[in-house]
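Only the coordinates and a few stated rules stand behind these numbers; no lab work does. Predicted model, so just to flag it, every value in this text is computed and none were measured. No Cβ is skipped: glycine too gets one built from the backbone with ideal geometry, and neighbour counts run over all protein chains shown.
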Amino acid sequence: MGAKCELCGRDMLESKGCAISNIHIGGKVYKRIPVGGSGDFLEGGPKDARCGDCGALFGHYHHWGCDCERCPACGLQLIGCECEDVYAQGKK
């Protein structure tokens with residue numbers, strides 16, 4: 001068994017992706033960008049792709065804290081963007 005997503009609790013390498021689809025940024029709720037979705041680093045990639053960092057499958061959400069997840073508000077890497085008050089399901 002591998003590492004567990006601290007947000008959804010699933011095993012990152014055995015699950016299809018994170019179960020949480022929305023995040024809060026600056027007081028607004030945003031739909032997360034799935035692997036291969038518009039704006040994702042793997043946009044337009046092969047349908048059998050898996051995120052190289054968190055293991056999420058194409059079409060599923062990156063696991064929380066993934067280096068490859070893009071911020072749906074600013075488009076930059078989520079873990080390094082400067083958007084304020086980024087959290088999901090009460091995580092701050």
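Structure values in brief
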{"item": "Matching entry among 13, 42 (being in contact with a Gly (Cβ under 6 Å, 6 or more places away or on another chain), among the hydrophobic types (A, V, I, L, M, F, W, C) and free of Cβ contacts under 8 Å to residues at least 40 places away in the same chain)", "result": "42"}
{"item": "Hey, residue 68 free of Cβ contacts under 8 Å to residues at least 40 places away in the same chain and in contact with an Asp or Glu (Cβ under 6 Å, 6 or more places away or on another chain) or not", "result": "yes"}
{"item": "Condition met for residue 53 (assigned to a loop (DSSP other than H, G, I, E, B), farther than 11 Å from residue 70 by Cα and out of contact with any Ser or Thr (no Cβ under 9 Å at 6 or more places or on another chain))", "result": "yes"}
{"item": "The range 20-40, subset within 10 Å of the chain's Cα centre (by Cα) and in a loop (DSSP other than H, G, I, E, B), residue surrounded by the most Cβ atoms within 10 Å (Cβ to Cβ)", "result": "35"}
{"item": "Subset of the range 45-58 [touching a residue at least 40 places away in the same chain (Cβ under 8 Å) and surrounded by fewer than 18 Cβ atoms within 10 Å (Cβ to Cβ)]", "result": "57"}
